[in-house]
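For reference, the structure discussed in these notes is given below.
The values are calculated or read from the model by the stated rules, or taken from the named source; none is laboratory data. As the structure is a computational prediction, the values presented were derived from the model and not from experiment. So basically every Cβ, Gly included, is an ideal-geometry build from the backbone, and we count neighbours across all protein chains shown. Side chains are part of the model used for accessible areas, which takes the heavy atoms of the whole protein and leaves out ligands, DNA and RNA. Shrake-Rupley method; radii C 1.70, N 1.55, O 1.52, S 1.80 Å.
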Amino acid sequence: MYDCIIVGMGPGGMSAGIYAKRSGLNTLLLEKNAPGGLINTTNLVDNYLGFDNITGPDLSFKMFEHVKNNGVEYKIEEVTKIKKEKDTFKIETNKNIYEAKTIILAGGRQPKKMPLEENLKKLSISRCSICDAPLYKEKEVVVIGGGNSAFEEGIYLSDFASTLTIIARSQIKADEELINEAKKI
Ligand SMILES: Cc1cc2nc3c(=O)[nH]c(=O)nc-3n(C[C@H](O)[C@H](O)[C@H](O)COP(=O)(O)OP(=O)(O)OC[C@H]3O[C@@H](n4cnc5c(N)ncnc54)[C@H](O)[C@@H]3O)c2cc1C
């Protein structure tokens, strides 16, 4: 029986894991993919306090090292079912069944699909530039969105694509610094 089981090892889950363990709770972290969560999918994280800039995977790695250095138990398993039984929780994964007095859900979010996507099936659509950029070498690439992520990922993709167009449905919300950097490409 664990005191606390945390679902997800993104920045949220890993922080919770460290604090729970340091509070003396018998803690288990569960992650279905790679520790780091969404941060793994971005090339550059700017101005995360303590790092002027660092790649997403490097930051994930440092967070994961922090978790391990604090001796927090973790397992790479997908949580498939959670059931409340009187005062405890039963957590089923693809490999095991665990019991815990408390749970923290830190499973993050799924990327939003565009309403048009069903009609665009013939096009190659990606939600992770760092994972898929090499597939777009010398291709014409369109990035949808007008925020910091769209600009950051667009700048990264420009090293691969033959042309790059950013389309925003309303206004451009990215930081001026990123917009200026994109204009230089
Ligand atoms: C392209 C991009 C660029 C970004 N750039 C920045 C930036 O520069 N600076 C910044 O501060 N933030 C940035 N972000 C946002 C940042 O990544 C998120 O705010 C952060 O990752 C949220 O952390 P989280 O732990 O809540 O969720 P997530 O990172 O989504 O982690 C959730 C974790 O839970 C796991 N999980 C889900 N369901 C289950 C299950 N059933 N069983 C086991 N595990 C499960 C997932 O696999 C995942 O690892 C960026 C995001 C993206 C997509």
Seminar exercise, completed: Which residues qualify? For residue 161, with a placed amide H closer than 5 Å and at least 5 residues away or on another chain, they are 138
Seminar exercise, completed: Between residue 1 and residue 58, Cβ-based FRET efficiency (R0 35 Å, step 0.05) works out to 0.45
Problem set entry | Solvent-accessible area per residue, Å², over region 22-141 with all protein chains present [probe radius 1.4 Å] | 72
Exercise. Amide H to amide H, which residues 5 or more places from residue 44 or on other chains are under 5 Å from it, using H placed in the peptide plane?
Worked result: 56
For this session: Using a cut-off of under 13 Å, list every residue of region 152-169 whose amide N is near the label point 7 Å from the Cα of residue 179 along the Cα-to-beta-carbon line.
Result: 168
For this session: Apply the Kirkwood formula to the chain: the hydrodynamic radius equals the inverse of the mean of 1/r over all pairs of different alpha-carbon atoms; give it in Å with one decimal.
Result: 18.6
Exercise. Which distance in nm do the two modelled labels at residue 25 and residue 102 give, with both placed 7 Å along the Cα-to-Cβ direction?
Worked result: 0.4
Seminar exercise, completed: 1/(1 + (r/R0)^6) with r = Cβ-Cβ of residue 162 and residue 49, R0 = 35 Å, i.e. FRET efficiency to nearest 0.05, evaluates to 0.40
For this session: Can you tell me the FRET efficiency between residue 83 and residue 32 if r is taken as the Cβ-Cβ distance and R0 is 25 Å, rounded to the nearest 0.05?
Result: 0.85
Seminar exercise, completed: Counting only residues 5 or more apart in sequence or on a different chain, those whose built amide H sits under 5 Å from that of residue 73 are 27, 29
Seminar exercise, completed: On the accessible surface of the chain, probed at 1.4 Å with all protein chains in place, carbon and sulfur together account for a percent value of 51
Seminar exercise, completed: Rounded to the nearest 5, the percent of DSSP beta bridges in region 90-167 running antiparallel is 40
Problem set entry | Two-decimal log10 I(q)/I(0) for region 115-183, as the Debye equation yields it once each C-alpha is a single scatterer, q = 0.14, 0.21, 0.23, 0.26 Å⁻¹ | -0.41, -0.91, -1.06, -1.25
Exercise. So what is log10(I(q)/I(0)) for region 2-105 at q = 0.14, 0.23 1/Å, when the Debye sum runs over its Cα atoms only?
Worked result: -0.54, -1.16
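Where does the charge balance sit around residue 114 when Lys and Arg score +1, Asp and Glu -1, over other residues with C-beta under 14 Å from its C-beta?
+3
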For this session: Specify the inter-centroid distance of region 1-34 and region 39-56, based on alpha-carbon positions, in whole Å.
Result: 22
